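The block underneath contains the structure these notes are about, expressed in C-alpha coordinates.
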Amino acid sequence: MEFSHFDGSGRARMVDVSGKEPSCREARAVGKILVSREVFSAIREGTVKKGDVLAVAATAGTMGAKRTWELIPMCHILPLESCRVEFEMKEEELAVYCFCTVRVTGKTGVEMEALTGASTALLTIYDMCKSMDKSMEIGEIYLQKKTGGKSGEVKNDMPRRRVFREEEIR
(Lines give C-alpha, C1' and ligand atoms only; values in the text may rest on other atoms or scores of the structure.)
Protein backbone atom coordinates (compact mmCIF):
# COMPACT_ATOMS: atom_id res chain seq x y z
CA MET A 1 0.00 0.00 0.00
CA GLU A 2 1.36 3.39 -0.96
CA PHE A 3 0.77 6.31 1.37
CA SER A 4 -0.22 9.47 -0.50
CA HIS A 5 0.86 11.86 2.25
CA PHE A 6 4.59 11.24 1.77
CA ASP A 7 6.89 12.41 -0.99
CA GLY A 8 9.65 10.28 -2.54
CA SER A 9 11.99 11.10 0.35
CA GLY A 10 9.47 10.10 3.03
CA ARG A 11 8.59 13.66 4.03
CA ALA A 12 4.97 14.54 4.79
CA ARG A 13 3.17 16.53 2.13
CA MET A 14 -0.33 17.64 1.23
CA VAL A 15 -1.92 15.35 -1.36
CA ASP A 16 -2.26 16.92 -4.81
CA VAL A 17 -5.94 16.74 -5.73
CA SER A 18 -5.73 19.11 -8.70
CA GLY A 19 -6.37 16.32 -11.23
CA LYS A 20 -9.45 14.94 -9.49
CA GLU A 21 -13.01 15.64 -10.53
CA PRO A 22 -15.27 17.19 -7.89
CA SER A 23 -17.97 14.94 -6.45
CA CYS A 24 -20.55 15.14 -3.70
CA ARG A 25 -18.93 13.84 -0.51
CA GLU A 26 -20.40 13.29 2.92
CA ALA A 27 -19.00 11.97 6.19
CA ARG A 28 -20.60 11.20 9.54
CA ALA A 29 -18.61 10.87 12.76
CA VAL A 30 -19.86 9.66 16.13
CA GLY A 31 -18.49 10.08 19.63
CA LYS A 32 -19.72 10.18 23.20
CA ILE A 33 -19.05 11.70 26.58
CA LEU A 34 -19.81 9.88 29.83
CA VAL A 35 -20.96 12.18 32.61
CA SER A 36 -22.21 12.02 36.19
CA ARG A 37 -25.92 11.81 36.94
CA GLU A 38 -25.78 15.43 38.17
CA VAL A 39 -24.28 16.65 34.89
CA PHE A 40 -26.65 14.54 32.80
CA SER A 41 -29.68 16.02 34.59
CA ALA A 42 -28.33 19.57 34.34
CA ILE A 43 -27.75 19.24 30.60
CA ARG A 44 -31.19 17.71 30.06
CA GLU A 45 -32.94 20.31 32.23
CA GLY A 46 -30.94 23.25 30.88
CA THR A 47 -29.61 24.30 34.28
CA VAL A 48 -25.86 24.34 33.58
CA LYS A 49 -24.58 27.75 34.72
CA LYS A 50 -22.69 28.43 31.47
CA GLY A 51 -25.87 28.13 29.40
CA ASP A 52 -27.49 25.75 26.91
CA VAL A 53 -24.77 23.11 26.68
CA LEU A 54 -25.97 21.28 23.59
CA ALA A 55 -26.72 24.46 21.62
CA VAL A 56 -23.25 25.84 22.35
CA ALA A 57 -21.63 22.46 21.65
CA ALA A 58 -23.43 22.21 18.29
CA THR A 59 -22.12 25.63 17.32
CA ALA A 60 -18.61 24.70 18.46
CA GLY A 61 -18.78 21.44 16.48
CA THR A 62 -19.70 23.34 13.34
CA MET A 63 -16.89 25.83 13.93
CA GLY A 64 -14.42 22.99 14.50
CA ALA A 65 -15.44 21.26 11.28
CA LYS A 66 -15.06 24.52 9.33
CA ARG A 67 -11.55 25.11 10.73
CA THR A 68 -10.17 21.59 10.44
CA TRP A 69 -7.62 22.73 7.85
CA GLU A 70 -6.09 25.00 10.52
CA LEU A 71 -5.68 22.14 13.00
CA ILE A 72 -4.67 19.13 10.90
CA PRO A 73 -1.54 20.08 8.93
CA MET A 74 -2.16 18.23 5.65
CA CYS A 75 -5.90 18.86 5.34
CA HIS A 76 -7.19 20.91 2.44
CA ILE A 77 -9.30 24.03 2.91
CA LEU A 78 -12.82 22.93 1.99
CA PRO A 79 -15.89 25.08 1.34
CA LEU A 80 -18.31 23.05 3.47
CA GLU A 81 -21.86 23.09 2.15
CA SER A 82 -23.46 21.52 5.21
CA CYS A 83 -22.51 20.65 8.76
CA ARG A 84 -25.07 19.14 11.11
CA VAL A 85 -24.23 18.42 14.76
CA GLU A 86 -26.83 16.42 16.69
CA PHE A 87 -26.96 14.85 20.13
CA GLU A 88 -28.62 11.83 21.66
CA MET A 89 -28.81 11.56 25.44
CA LYS A 90 -28.78 7.99 26.82
CA GLU A 91 -29.75 8.09 30.48
CA GLU A 92 -29.06 4.40 31.12
CA GLU A 93 -25.41 5.02 30.16
CA LEU A 94 -25.20 8.60 31.48
CA ALA A 95 -23.85 9.40 28.05
CA VAL A 96 -24.30 12.12 25.48
CA TYR A 97 -23.67 10.91 21.93
CA CYS A 98 -22.62 13.40 19.27
CA PHE A 99 -23.23 12.90 15.55
CA CYS A 100 -21.50 15.26 13.12
CA THR A 101 -22.43 15.04 9.44
CA VAL A 102 -20.53 17.16 6.93
CA ARG A 103 -21.13 17.57 3.18
CA VAL A 104 -19.14 19.17 0.37
CA THR A 105 -18.86 19.03 -3.39
CA GLY A 106 -15.13 18.82 -3.88
CA LYS A 107 -12.01 16.92 -4.83
CA THR A 108 -11.28 15.45 -1.40
CA GLY A 109 -13.33 13.97 1.41
CA VAL A 110 -14.69 15.47 4.62
CA GLU A 111 -13.88 12.67 7.06
CA MET A 112 -11.48 14.81 9.07
CA GLU A 113 -14.02 17.64 9.23
CA ALA A 114 -16.71 15.32 10.62
CA LEU A 115 -14.29 13.85 13.18
CA THR A 116 -13.05 17.29 14.20
CA GLY A 117 -16.61 18.57 14.50
CA ALA A 118 -17.67 15.72 16.77
CA SER A 119 -14.52 16.04 18.88
CA THR A 120 -14.92 19.80 19.27
CA ALA A 121 -18.57 19.45 20.28
CA LEU A 122 -17.70 16.85 22.93
CA LEU A 123 -14.82 18.96 24.25
CA THR A 124 -17.24 21.87 24.56
CA ILE A 125 -19.62 19.78 26.66
CA TYR A 126 -16.68 18.93 28.91
CA ASP A 127 -15.66 22.60 29.15
CA MET A 128 -19.15 23.80 30.00
CA CYS A 129 -19.70 21.13 32.67
CA LYS A 130 -16.24 20.72 34.20
CA SER A 131 -17.10 22.82 37.25
CA MET A 132 -19.64 20.13 38.14
CA ASP A 133 -17.57 17.05 37.25
CA LYS A 134 -13.97 16.77 36.12
CA SER A 135 -14.18 12.98 35.73
CA MET A 136 -16.18 13.03 32.48
CA GLU A 137 -14.81 10.73 29.79
CA ILE A 138 -14.77 11.49 26.08
CA GLY A 139 -14.33 8.53 23.79
CA GLU A 140 -15.30 6.21 21.02
CA ILE A 141 -14.98 8.87 18.34
CA TYR A 142 -15.01 7.24 14.93
CA LEU A 143 -16.03 7.67 11.31
CA GLN A 144 -19.38 5.93 10.97
CA LYS A 145 -19.96 6.54 7.27
CA LYS A 146 -18.58 8.35 4.25
CA THR A 147 -19.76 8.64 0.66
CA GLY A 148 -18.28 9.99 -2.54
CA GLY A 149 -14.84 10.00 -4.03
CA LYS A 150 -12.79 7.12 -5.37
CA SER A 151 -13.62 4.74 -2.50
CA GLY A 152 -17.37 5.38 -2.75
CA GLU A 153 -19.49 4.48 0.26
CA VAL A 154 -17.75 3.22 3.37
CA LYS A 155 -19.60 2.20 6.53
CA ASN A 156 -18.13 1.41 9.90
CA ASP A 157 -20.91 -0.51 11.61
CA MET A 158 -18.54 -2.37 13.91
CA PRO A 159 -16.15 -0.03 15.74
CA ARG A 160 -13.35 -1.94 17.41
CA ARG A 161 -14.39 -0.97 20.93
CA ARG A 162 -18.11 -1.06 20.36
CA VAL A 163 -20.36 -0.68 23.38
CA PHE A 164 -23.61 0.03 21.55
CA ARG A 165 -25.48 -0.89 18.40
CA GLU A 166 -26.74 1.81 16.07
CA GLU A 167 -30.37 0.78 16.60
CA GLU A 168 -29.91 1.26 20.36
CA ILE A 169 -29.14 4.96 20.01
CA ARG A 170 -31.40 5.96 17.15
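Can you give the translational diffusion coefficient of the range 10-110 in µm²/s, computed by Stokes-Einstein from the Kirkwood radius over Cα pairs at 4 °C and 1.567 mPa s?
83
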Efficiency of FRET from Cβ geometry, Ser36 and Arg84, R₀ 35 Å, rounded to 0.05: 0.80
Give me the accessible area per residue for the chain, probe 1.4 Å, as a whole number in Å². 58
If you compute Rg and Dmax of the Cα atoms in Å for the structure shown, which of (i) 15.3, 51; (ii) 17.4, 56; (iii) 15.6, 57 do you land on? (ii)
Given points 7 Å out from each Cα along the Cα-Cβ axis, report the His76 to Met63 separation in nanometres with one decimal. 2.7
Accessible surface of the chain [probe 1.4 Å, protein heavy atoms]: carbon and sulfur percent: 53
In whole Hz, the Karplus estimates of ³J(HN,Hα) for the range 79-96 (6.51, -1.76, 1.60; θ = phi - 60°; x where Gly or Pro) are x, 4, 9, 7, 9, 10, 10, 10, 10, 10, 9, 10, 4, 5, 9, 6, 10, 10
Computed FRET value (nearest 0.05) for Lys49 with Asp157, which takes r as the C-beta separation and R₀ as 30 Å: 0.20
Loop-resident trypsin sites (Lys or Arg not before Pro) in the range 35-84 with no more than 14 other Cβ atoms inside 10 Å, DSSP not H/G/I/E/B, are Lys49, Lys50
What's the center-to-center distance, using Cα atoms, between the range 88-106 and the range 12-85 in Å? 10
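The values are calculated or read from the model by the stated rules, or taken from the named source; none is laboratory data. Just so we're clear, the structure is a prediction, and the values are computed from it rather than from any experiment. Here the Cβ is made from the backbone with ideal geometry for all residues, glycine too, and neighbour counts use every protein chain on show. All accessible areas refer to the heavy atoms of the entire protein, side chains included, with ligands and DNA or RNA removed. Shrake-Rupley method; radii C 1.70, N 1.55, O 1.52, S 1.80 Å.
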